[in-house]
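*Asks:* Just dropping this structure here.
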Amino acid sequence: MYAQSITPTSVVETPIPMSIRGHSVMSTNGANLPGAHTVVGSVPLVLGTATVTFTGNAAFTNATSYQCSPSNLTALNFVKPTYNSGSSVTFTGVGSDTVGFICVGN
């Protein structure tokens, strides 16, 4: 018996939007964190600090319900987040460096 090769006449890919797919945020033990979301952005420091305000659906429940991973986009300088509340975080770094951040939580 011979294998028959069939060439497709057309291929249609239908991407699934992220808003429909969503993403799962889990703790280290694999438990889902309900209502979790991600906020991504960047902010310039002024005299070494910048406060980011989360509004609407970007806001988190409280200061301990999320974590941010800041990255200095200007230089190899340290950046530290201070969680003020579920609606704001302050980044402390050096001078007028620009800080990129990814915050995840619920």
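*Asks:* Measuring from centroid to centroid over Cα atoms, what is the spacing of region 84-106 and region 48-82 in Å?
*Replies:* 2 Å
*Asks:* Given a cut-off of under 8 Å on Cα pairs at least six residues apart, what relative contact order in percent is computed for region 32-105?
*Replies:* Reported relative contact order: 46 percent.
No value in this document is a laboratory result; all are computed from the given coordinates. This is a predicted model, so every value here is computed, not measured.
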